[in-house]
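Here's the structure, in structure tokens; my notes come after.
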């Protein structure tokens, strides 16, 4: 729903996340150190990287044995055979190979570069994979925080994706809980009293992108609080943001 004033704040005092860390407890502790008490319909945007770290999704290169097909593809594209193998393992299919990038459809259904795998902000010789089920991760954190603060919340797991036919990258929602990912205007009236027939706004993506403005890529701030957006409470998840293949113009 439209809101007149929205506040976006990064949450400091979040330690370096390790495997099997209890993220919910860490977030609660960080909020209290920031003297922040969550309010009804607050939204927390959490970067994918700390979810992956806590869920043991960091893989050392020595633990990957590339197949012959991965070795062949790696020579074609100019990537290491280890990374190429991981890209294949984490994908359903390859969409495009060009300019040293492999665009894939991940096992989740996301269309992104290199199956969402990257090596930023992690130790050398490791690769960071996307969480297995980002929606489940978001839901687990939301339930714990709602119980702690006795409010209704939205939780979004964000990651950085490129965009076809556009330069630059933006953060999008890969995991959603508690908030409707889409805002449907169908059946409403526009400013000229005409019926709106098709407009559906990806509010979860918009919130993820807005949070990135205070998070950035270098300041080690992996969590943002968005306050003032009157979202629709929903049990739906990020699957709504994935275009069905029978409706896609580019499949």
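Where a number appears in this text, it was derived from the coordinates with a stated rule and is not lab data. Note that this is a predicted model, so its numbers are computed, not measured. No Cβ is skipped: glycine too gets one built from the backbone with ideal geometry, and neighbour counts run over all protein chains shown.
Side notes on the structure shown:
- Each of 238, 4, 210 was scored by other Cβ atoms within 10 Å of its Cβ. Arranged with the fewest first, they read 4, 210, 238.
- Residue among 36, 83, 207 with the largest mean-square fluctuation in a Gaussian network model of the chain, springs linking Cα atoms under 10 Å: 36
- Debye log10 I(q)/I(0) for the range 1-94, one point scatterer per Cα, at q = 0.12, 0.23 Å⁻¹: -0.62, -1.16
- Within a Gaussian network of the chain (alpha carbon springs, distance under 10 Å), most fluctuating of 115, 52, 19: 19
- Using alpha-carbon coordinates, inclination of helix 134-149 to the longest axis of the chain, degrees: 40 degrees
- For the range 59-127, the Cα-based Rg and Dmax, in that order, read 11.3, 30 Å.
- DSSP bridge orientation in the chain - percent antiparallel, rounded to nearest 5: 85 percent
- Residue of 101, 14, 172 that the Gaussian network model of the chain assigns the largest fluctuation, springs spanning Cα pairs under 10 Å: 101
- Sorted ascending by nearby beta carbons within 10 Å, beginning with the fewest, 110, 165, 250 become 165, 250, 110.
- Rg over Rh, two decimals, the chain (C-alpha only, Kirkwood Rh): 0.99
- Angle in degrees between helix 203-215 and the longest Cα principal axis of the chain, rounded to the nearest 10: 80 degrees
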